[in-house]
1. Would you mind telling me the share, in percent, of accessible area of segment 74-137 contributed by carbon and sulfur at probe 1.4 angstrom?
2. If you plug each phi of segment 350-363 into the Karplus form 6.51 cos²θ - 1.76 cosθ + 1.60 with θ = phi - 60°, what whole-Hz ³J(HN,Hα) values come out, in order, with x for Gly and Pro?
3. Considering only protein heavy atoms, with the full assembly of protein chains and a 1.4 angstrom probe, order 248, 231 by accessible area, largest first.
4. With a 1.4 Å probe and all protein chains kept in place, how do 77, 37 rank by accessible area, largest first?
5. So, with a 1.4 angstrom probe, what is the percent of accessible area on segment 287-356 that is carbon and sulfur?
6. Based on the mean of other Cβ atoms within 10 Å per residue, sort peptides 365-372, 321-328 so the most packed one is first.
7. What whole-number distance in Å separates the alpha-carbon centres of segment 268-337 and segment 378-411?
8. What accessible area per residue, rounded to a whole number of Å², is obtained for segment 104-198 using a probe radius of 1.4 Å?
Amino acid sequence: MPPAQMSMYETANYYFDRAAEWMGLEREMRILLKAPHREIRVEIPIRMDDGRLESFVGYRVQHNGVRGPQKGGIRYHPEVDLNEVRALAELMTWKTALVNIPFGGAKGGVTCDPSKMSKWELERLTRRFTSKISLILGPYRDIPAPDMNTNAQVMAWMMDEYGRKQGHSPAVVTGKPVELGGSKGREAATGRGVSMVCAQAAAAAGIELKGARVVVQGFGNVGSFAARFLHEAGCKVIALSDQFGGVHDPAGLDVPEALAHVLLHKKLDGLPGAKPISNDDMLLLECDILVPAAVGGVINSSNAETLRCRLIVEAANAPTSARADAILERREIPLVPDILANAGGVIVSYFEWTQNLTQFFWEEDKVNEELHKILMKAYQEVAALSRTRKVGMRQAAYVVALDRVAAATRLRGV
C-alpha cells in the first residue's frame, strides 16, 4: 500500500515504477524514461497597471521528446511549483504515447493569481514569459497549449510574441483562436473526449448511459463540456461544482441552464431549483459515474472508502492519490485514468498542429470523427490489456505508454 501523503510528482513516479516493474523494464531504460530532459525556471518582472513592479516565477519542463516535439499546456495558478510542473510534464509524455500521436511531453506554468490581474497585466506577463523561454520553443521542438486559467487569448499572445523574432509560426502553440489558425472543435475536445470514454467505460461496467446518474466536480472548460455532452447523451447530471461550491438535484440538473447561469453570474451558486453542496460532499453522493474535473488529489485516503459511485472517469490531471487508487482497486470500482480520459485535448492539438504545418484546415465534423477514432482505439488497447492481464486500467495505460516510449528510445539509440 503506498503512503497516504504523496506529492503529485511522487505519485506520478509511483505509477511509473509500478508499471515498469510489472513489465520487466530494464534499469537503464527506467533511468532514461523517468528523468526530465530539461527544466527551466525564469523570473518574470512586469509593470502592473498601478505602476508597481512585480516579479513572478515561471517554469517550463520538457520531460521527453524521443517520439516527437514536446507538448503540454501552460497554467497560471498561485500554487504552481516546479514539482507540479515536473509531474504534469511526465504525465504528458505517457498521454501522447498512449494515444499514439507523434509528441513527447512537457508542461509549463507561472505562479500567479490571474483572478487578481487585469487583461493587460496578463498580456504583459504572457509576453515576457514567452520571451524568456522562446529559445526552447518551436513547431518541431516544444509546442505549448492552454491549461488551467489560460485560454485561446493567452495562446494568441504567445504565438505573436514568439513570431516577433522567429516570423509567423502558428504551429508553435495550439489552442489558438480559430481566426489565428486554431482548429475547430479544439475548445470542446477534452470534455468531448471525456464523454466518449464515459460511454465506453459505462458499457463495460454494465451501466446504461441513458439515465445514468453523473456527478461532475469542476465546471471549467473540461467539466462544463463533459457535463454538456453527457447531458445530451441522456445522462442525469445530479451535481456540478466550481471553485465556489456545488449545486445538487437528485432529479437531474438542467445543464444548458447551468451553462447560461455561469455565463451571466460567473458561478454556479444560485442556480434556480438546485440545492447547494460542498465540493467534498458532492464526491460522496450516490451515483453511477463520478467525473473529477477540477484539481488534483480530490479523491484520497480520507474519502476513497466512502465513495458511492460505480465508475470513475478522471477528467482532471491526477485527481486520485496513489493510496486512494489502491483502495478503489480493492473495492473493485473501475477507474479510467487521466492519461486516457482527458487525452481528447492533446489529440485535437495534434490535429491543429498538422493543419498549421500544411495550411489545410478541417471542418469540425472531421475533427470530431478523427478524435473518436484515435481515442477509442487507445481505450480498446488499454481495456484489452486490463482484461486479459487482470490489472487495473491505470496500470494497463502506463504499460502501453511506457512500452511505446521505450521502443522509440531503443530505436533512436539514446
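The values are calculated or read from the model by the stated rules, or taken from the named source; none is laboratory data. Because the structure is predicted, anything quoted here is derived from the model rather than measured. No Cβ is skipped: glycine too gets one built from the backbone with ideal geometry, and neighbour counts run over all protein chains shown. Side chains included, ligands, DNA and RNA excluded: accessible areas come from the protein's heavy atoms. Shrake-Rupley method; radii C 1.70, N 1.55, O 1.52, S 1.80 Å.
1. 49 percent
2. 4, 4, 4, 4, 5, 5, 5, 5, 9, 6, 10, 10, 9, 7
3. Putting 248, 231 in descending order of accessible area: 231, 248.
4. Largest accessible area first, the list is 37, 77.
5. 46 percent
6. 321-328, 365-372
7. Going from one Cα centre to the other spans 24 Å.
8. It amounts to 39 Å² per residue over segment 104-198.
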